[in-house]
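Taking it in order: structure first as structure tokens, then the write-up.
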Amino acid sequence: MGPVKTVKTLRMVNQKEGFDCPGCAWPDPEHRTAFEFCENGAKAVADEAMQAKVTPEFLRKNSVQALAEMSDYQLNNLGRIAHPVYLSPESSTYETISWDDAFNKIASALNACSNPDRAVFYTSGRTSNEAAFLYQAFVRAFGTNNLPDCSNMCHESSGKGLGQTIGIGKGTVSLEDFNHADTILVIGQNPGTNHPRMLTALRDAKNNGARIIHVNPLPEAGLSRFKHPQDYMKGQLKTTKLADLHLPVRIGGDAALLKGLIKLQLEANAVDQDFIDKKTEGFEAMADAARSVSWNEILRDSGLEREDIDKAGEMLSDSKATIACWAMGLTQHRNGVAVIQEVVNLLLMNGHVGRKGAGFCPVRGHSNVQGDRTVGIWEAPSEAFLDRMETGLGFEIPRHHGHDVVHAIEAMLNNEVDVFFCMGGNFLSATPDTDVTAKAIENVGLTVQVSTKLNRSHLVTGKEAIILPCLGRTERDIQASGEQFVSVENSMGQVHRSQGRLTPPSNDLRSEPWIVAQMAQATLGTEHLDWLHLASDYDHIRALMERSLSGFEDYNERVRAPNGFALPNPPKDSQSFATPTGLAQFTEHPLPDVQVSDGEFVLMTLRSHDQYNTTIYGLNDRYRGVHGHRRVLFMNADDMVERGWKSRQKVAITSHFNGDERHSEDWLLVPYEIPRGNLAAYFPEANSLVPLHSTAAVSNTPTSKWIVCTLSDGSANSEEE
Ligand code: SF4
């Protein structure tokens with residue numbers, strides 16, 4: 001961005017009159033510091049606000065095949081897409097197209113669909129509430145619920161697991177609760193890289209006497225040693241050891257660990273019987289299911305020492321207020337929903353919900369992924385949700401459920417999709433089974449991407465493709481009625497405004513709400529809504545949301561409050577549960593089978609510290625000691641020695657699923673502190689090994705944390721580095 005713009009811009013991140021960080025969804029404190037962002041927030045802002053541009057001239061000179069030779073890192077660094085472009089079926093280079101021509105092409109393709117379900121509308125979690133609401137209204141007016149989104153691949157298991165047990169698919173704590181917790185469980189999450197400002201909340205909780213239990217196959221630096229950069233300015237040099245206990249559980253061993261912790265609570269009689277009797281059902285069956293699991297099974301599957309589990313058990317049984325935080329390490333498993341419900345069992349036993357300092361905290365990795373779902377980006381909405389939406393919108397909307405991400409790819413593979421529209425994101429790289437997904441996308445007639453920067457999804461397209469360049473979160477958005485602001489919802493259900501302040505890098509960029517309105521107008525006219533009027537002043541969109549969504553009453557007024565407002569959350573607000581019986585549900589789940597055959601490993605994909613989802617900011621992962629490389633495979637040193645393999649040796653990975661194999665070459669071995677039999681590698685590079693149909697029960701989330709594979713020495717066919 002250049003030095004001057006850098007200071008100016010970073011002073012506005014996460015400030016009340018500024019813009020929301022386009023990074024993760026960690027909440028902002030009531031009292032912001034002058035520099036209210038983390039390193040990865042700064043990277044996300046700098047990445048969006050970079051000055052480099054991808055011009056039509058550049059795209060005319062560089063075919064999609066030539067661009068496909070570039071790495072994701074190189075593609076991302078080419079800069080902001082400056083003008084709408086079109087890739088015709090006959091050509092291999094993108095050409096300039098006017099906005100009007102683009103919308104006419106999209107409208108005629110959509111209206112040529114023999115059935116509205118032959119169009120699929122994907123959403124990435126950066127889309128604002130206003131854009132997402134207008135988008136879902138258009139898609140439903142068009143006649144389908146084909147609204148897959150990135151949460152299908154991340155916290156869908158949390159939504160299902162919590163929805164079935166406590167009646168809401170969201171977390172139940174506020175940021176303030178962290179100051180009142182005496183025990184915090186952090187399971188299957190690496191906040192140091194993926195939600196860095198959470199470390200500040202953990203440090204403050206620690207300073208208030210909280211104990212932190214970190215459950216993760218890897219000993220992530222953020223939970224081991226933390227130093228808040230601004231402390232130096234206060235002369236506070238001491239680092240904080242956040243985790244009191246690290247449990248290096250085997251991949252997939254969380255369910256066994258949680259069974260063990262539940263058994264220990266039962267043995268310690270650490271249960272809130274009054275809460276159980278008044279507010280829940282199913283306790284006895286759940287308790288019997290836990291008692292029936294032997295410690296041998298628990299130690300075998302978790303890979304942990306009994307004494308360590310006992311330590312955690314003691315912390316929990318003494319606790320008056322426990323918060324459980326989790327991320328992909330729980331959700332992206334075959335039993336993702338079940339293991340999250342074991343977390344629910346563990347906390348419900350002691351009434352750790354709807355009490356100060358206690359509750360559930362699934363931490364979202366995308367700045368508005370929770371907001372998008374709340375305002376209607378949902379392929380399988382409830383009847384009640386659609387009833388309210390229909391009343392507000394004033395037109396009949398389809399009731400049959402649509403495609404989630406995996407089903408959308410299947411439909412494309414079966415030539416059942418004519419138009420695939422993506423509101424942001426990098427669908428090809430974010431999804432599993434990359435080669436299969438690429439084939440699926442190439443079956444589609446027209447693919448459209450609303451994007452800020454080039455990525456691989458612009459290079460693997462339908463028969464014809466359009467890129468519509470949009471404004472970034474950091475940029476000024478001026479519509480007919482003047483300057484606009486949008487709103488987002490963070491991980492803790494707080495809705496607040498975000499106002500871009502920077503001058504856009506090109507005059508040919510448009511806002512997401514404007515793009516949706518123009519597309520809707522071109523496709524449907526004003527039969528359903530006056531789309532252009534709605535986009536002329538986002539207060540009109542918010543007024544429509546007030547009528548169409550529960551919890552959004554007086555939205556226009558309340559969103560202008562300095563910290564916005566909290567959406568209703570019955571478990572948090574009043575320990576009440578919108579389940580069929582009005583009681584919180586204990587559930588029983590058998591231990592999952594986590595045994596693999598001899599010679600097989602379990603691989604999990606993860607992020608480096610220099611990436612945000614599929615956006616690669618750099619080639620280093622300094623907290624894991626990796627520099628200048630991304631095709632690395634973290635492996636237990638004893639497993640390497642056992643095979644006579646050396647550090648930096650090249651290997652090939654083959655994943656196995658239902659008799660099918662997927663093969664991937666040229667991975668550099670890195671000896672690492674990871675349980676034996678477990679491996680880790682970065683996505684999107686390792687996504688080609690994740691089978692499309694290997695998904696979590698109930699949530700259909702791809703199992704990116706559970707990939708059964710074998711390794712072969714790849715050094716034979718690779719020149720030594
Ligand atoms: S913690 Fe998340 S939201 Fe906050 S600045 Fe960092 S990346 Fe952005």
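Once Rh is set to the Kirkwood radius over Cα pairs, what Stokes-Einstein translational diffusion coefficient, in µm²/s, holds for region 29-179 at a temperature of 10 °C and a viscosity of 1.306 mPa s? This corresponds to a translational diffusion coefficient of 80 µm²/s. By DSSP, the beta bridges lying fully in region 601-717 are antiparallel in about 70 percent of cases. What the Cβ-Cβ distance of GLU588 and GLU390 gives, at R0 = 41 Å and to the nearest 0.05, is a FRET efficiency of 0.65. Approximating the spin labels as points 7 Å out from Cα along Cα→Cβ, the SER98-to-ALA52 distance works out to 3.2 nm. Given their separation in residues at 0.36 nm each and the Cα-Cα distance between them, HIS31 and GLU442 gain 143.1 nm when the chain is fully extended.
Roughly speaking, to the nearest percent, how much of region 601-717's 1.4 Å accessible area is carbon and sulfur?
Carbon with sulfur: 49 percent of the solvent-accessible area.
On the beta carbon distance between ASN296 and GLN236, with R0 = 56 Å, the FRET formula returns roughly 0.75. Short-range pairs are left out: with C-alpha atoms under 8 Å and at least six residues apart, the relative contact order of region 601-717 is 36 percent. Here region 213-281 is treated as a sphere whose radius is the Kirkwood value from Cα pairs; by Stokes-Einstein at 10 °C and 1.306 mPa s it diffuses with a coefficient of 104 µm²/s.
Ranking PRO691, GLY376, ALA327 by Cα position along the charge dipole of the chain, where only Lys, Arg, Asp and Glu carry charges on their C-beta atoms, puts ALA327 farthest toward the positive end.
Under a crude label model (7 Å from the Cα following the beta-carbon direction), how far is ASP204 from GLU410 in nanometres? Roughly 4.5 nm, to one decimal. Sites listed here are trypsin sites (Lys or Arg not before Pro) in region 487-566 whose DSSP assignment is loop and whose Cβ has at most 15 other Cβ atoms within 10 Å: ARG560. Place a label point 7 angstrom from the Cα of ARG399 along the Cα-to-Cβ direction, then list the residues of region 101-138 whose backbone nitrogen is under 19 Å away. In region 101-138, the label zone of ARG399 (backbone N under 19 Å from the point 7 Å along Cα→Cβ) covers 116-117. Note on the chain: Rg/Rh from Cα positions, Kirkwood definition for Rh, rounded to two decimals, is 0.95.
Counting each DSSP H run of 4 or more residues in the chain as -39500 (n - 2.57), what helix-only mean residue ellipticity at 222 nm follows after dividing by all residues, to the nearest 500 deg cm²/dmol?
Value at 222 nm, helices only: -9500 deg cm²/dmol.
For region 1-94, the Cβ-based charge dipole about the Cα centre amounts to some 380 debye (Lys, Arg positive; Asp, Glu negative; other atoms uncharged).
Ignoring lysines fewer than eight residues from LYS5 along the same chain, the ones with Cα atoms less than 17 angstrom from its Cα are LYS43, LYS53. The alpha carbon centroids of region 581-649 and region 339-397 are separated by 28 Å.
Computed on region 1-88, the Cα convex hull volume stands at 128 Å³ per residue. In Å, the Kirkwood hydrodynamic radius of region 156-362 over pairs of distinct alpha carbons? Result for region 156-362, one decimal place: 17.1 Å.
No disulfide-compatible partner, judged by a Cβ distance under 4.7 Å, exists for the following cysteines of the chain: CYS21, CYS24, CYS38, CYS113, CYS150, CYS154, CYS422, CYS470, CYS709. In a simple Cβ point-charge model (Lys, Arg +1; Asp, Glu -1; nothing else charged), the chain has a dipole of about 1900 debye relative to its Cα centre.
The Rg/Rh ratio of region 601-717, with Rg taken over Cα atoms and Rh as the Kirkwood radius over Cα pairs, comes to 0.96.
Rolling a 1.4 Å probe over the protein heavy atoms leaves LYS705 with an accessible area of roughly 30 Å².
One decimal place: the segment GLN65-ASN563 gains 174.6 nm when fully extended, by the rule 0.36 nm per residue minus the C-alpha distance. Taking only the alpha-carbon positions of region 345-389 and ignoring solvent, what does the Debye formula give for the base-10 log of I(q)/I(0) at q = 0.13, 0.26, 0.28, 0.34 Å⁻¹? Calculated log10 I(q)/I(0) at the listed q: -0.51, -0.85, -0.89, -1.15.
How large is the charge dipole for region 601-717, taken about the Cα centre, if only the Cβ atoms of Lys, Arg (+1) and Asp, Glu (-1) carry charge, to the nearest 20 debye? If you can, show how the numbers build up before the last one.
Values: 12 positive and 12 negative charges, 54 e Å.
That gives region 601-717 a dipole magnitude of about 260 debye.
Separation of the alpha carbons by more than 32 angstrom is noted, of LYS206/LYS650; LYS234/LYS453; LYS241/LYS356; LYS259/LYS320, for LYS206/LYS650; LYS234/LYS453. Extending 7 Å from Cα along the Cβ direction at LEU532 and again at ASP554 yields two label points whose distance is 3.5 nm. With R₀ set to 25 Å, the beta-carbon distance separating ALA270 from LEU245 gives a calculated FRET efficiency near 0.90. When the charge dipole of the chain is built from unit charges on Cβ atoms (+1 for Lys and Arg, -1 for Asp and Glu) and taken about the Cα centre, the candidate among LEU346, TYR555, MET12 whose Cα reaches farthest toward its positive end is MET12.
The values are calculated or read from the model by the stated rules, or taken from the named source; none is laboratory data. The shown structure was predicted, so the numbers you read here are calculated from the model rather than taken from an experiment. Here the Cβ is made from the backbone with ideal geometry for all residues, glycine too, and neighbour counts use every protein chain on show. Calculation scope for accessible area: heavy atoms of the full protein, side chains included, ligands and nucleic acids excluded. Shrake-Rupley method; radii C 1.70, N 1.55, O 1.52, S 1.80 Å.
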